Amino acid sequence: MTRNDIINAAFNVWGRGFYKTTSLSELAKALGVSKAALYRHFPDKDALFEAMNSRFFDDYAEALKPEMDRARTVSDKREKLLIMLRIIIKYFAGNFSFFIFVLFAMNKTGKPGFHLKRFLMEVEKRGIKFPFLGKVPIPKNEYPSLAFLAGMTVFFGVKLLYTKYRDPNISLTEGVLMEISLTEEELRSSVDSTVEKIWRGLRFDKNLIDGVPFEKLEGLAAGLAKSPEGDPLLKAVAEVVAEAGPWRASMETVARRSGLSKSGLYAHFRSKRDMLSRLFMTEFERIAEIAAACSGLSPLWEERLYLVIFSVTEYLRSRPEVLVTMDWVRIQRLELDISLPLQLHDFFSGLTVDLDISSTDISEWVFLLIGIMLMRYYHSENSLDLPNEALRKLFRFVSLGVEGFLNSGGNGKRTAGRGGSQKQERASK
């Protein structure tokens with residue numbers, strides 16, 4: 001058994017469980033050795049995680065460097081983006097174990113872990129400089145950055161690839177890390193769709209977006225977006241799951257937190273799975289109701305989109321235990337008998353009249369960006385006092401893409417004769 005054997009096994013053994021546990025005993029069993037044999041190569045688990053980081057970055061840089069070098073010689077910005085996305089999506093489409101590792105590592109504060117800044121530093125050390133629209137002047141403390149939003153959209157595009165092309169008979173939690181093989185046409189279609197999201201967003205009219213009265217809309221929605229905490233028992237469940245994660249959150253802990261006996265808790269929930277399903281369904285339904293109520297404050301599609309983004313964010317800012325709990329579902333793909341309320345998708349159906357993107361894909365993309373944006377801020381600042389300016393930046397990226405994000409020309413005041421008629425007419429066709 002070599003050092004490389006251990007690293008390879010770690011990607012596969014831990015990755016097929018989406019890193020919900022990183023047990024050295026499980027790893028040793030897969031290799032057919034004792035834990036002591038692992039310690040002869042790695043003094044501790046952190047050393048092994050660092051080796052996994054190095055292995056991924058070495059492999060990633062080697063695969064990307066030729067295309068990134070070519071992209072720097074291209075003058076057209078869109079073509080630069082197309083080259084970059086094509087190689088990144090192709091790489092992760094063929095390396096699912098690395099894809100899972102990166103998704104987990106970039107969105108957790110514990111090990112394994114590297115944040116976006118370190119990610120860029122590591123690939124740059126290996127000779128990779130992302131030619132993303134050349135040198136974009138982004139203030140040091142600006143959040144969220146264009147690189148962050150574009151990068152998360154790339155990963156969302158890869159996730160859609162696996163959802164679309166993986167074997168439907170194999171669950172992603174069955175312990176099978178499946179690489180997928182794409183035809184050039186399938187790859188090109190996925191790349192084009194992801195490029196379009198990043199470059200143009202939902203293709204709103206820039207004049208309409210520049211005229212959105214943000215402060216007015218925020219004032220109207222602020223009260224509706226802060227819902228009462230609701231069922232204190234479910235709040236106790238959310239707090240325990242946020243602290244321990246869904247696998248370590250026991251019925252006993254929830255019972256103690258809620259002041260019930262364990263038998264008393266079973267009077268409310270048939271099982272731990274039932275308890276978690278009830279929690280997530282209740283919260284998703286509450287968020288859907290709030291988003292629907294707030295979007296109804298305006299007849300204009302561009303304003304309704306911002307009201308949805310603001311109201312969902314405002315609710316999660318007031319309920320950190322709910323935000324963290326939902327993040328467990330996103331990262332570790334906890335499979336429960338739940339489905340998202342149709343309201344969360346239906347709102348976006350009016351925005352897809354000239355796009356080859358489903359309303360479900362749009363809603364999942366938007367809610368993913370909101371959740372990751374909040375979680376990254378929460379991890380770095382230990383607070384959810386995210387300024388509303390960050391939501392406006394996210395809104396511009398979603399509605400207009402890269403160019404809208406970089407070229408904000410609005411003052412938040414709607415001019416005479418400007419409104420949502422264009423979107424309203426298109427949505428009613």
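The values are calculated or read from the model by the stated rules, or taken from the named source; none is laboratory data. What you see is a predicted model; the values in this text were computed from it and never measured. All Cβ positions, even for glycine, are placed from backbone atoms using ideal geometry, and neighbour counts span all protein chains on display.
Annotations
- The stretch 165-190, subset within 18 Å of Ile87 (Cβ to Cβ) and acidic (Asp, Glu), residue modelled with the highest pLDDT: Glu185
- Spans of helices (runs of 4 or more DSSP H) in the stretch 312-385 with at least 2 residues at pLDDT below 85 and of a type in the set (Ser, Thr, Tyr): 359-381
- Val158 falls short on exactly one of the conditions (1) at pLDDT 70 or above; (2) surrounded by fewer than 16 Cβ atoms within 10 Å (Cβ to Cβ); (3) of a type in the set (A, V, I, L, M, F, W, C), and that condition is (2).
- Taking the criterion of being among the polar types (S, T, N, Q) and at pLDDT 80 or above, the residues of the stretch 191-227 that qualify are Ser193, Thr194, Asn207.
- Some residue of the stretch 187-209 being surrounded by fewer than 20 Cβ atoms within 10 Å (Cβ to Cβ) and aliphatic (A, V, I, L, M): yes
- Residue tally, condition within 21 Å of Ser190 (Cβ to Cβ) and either basic (Lys, Arg) or surrounded by 19 or more Cβ atoms within 10 Å (Cβ to Cβ) (or both), over the stretch 64-81: 8
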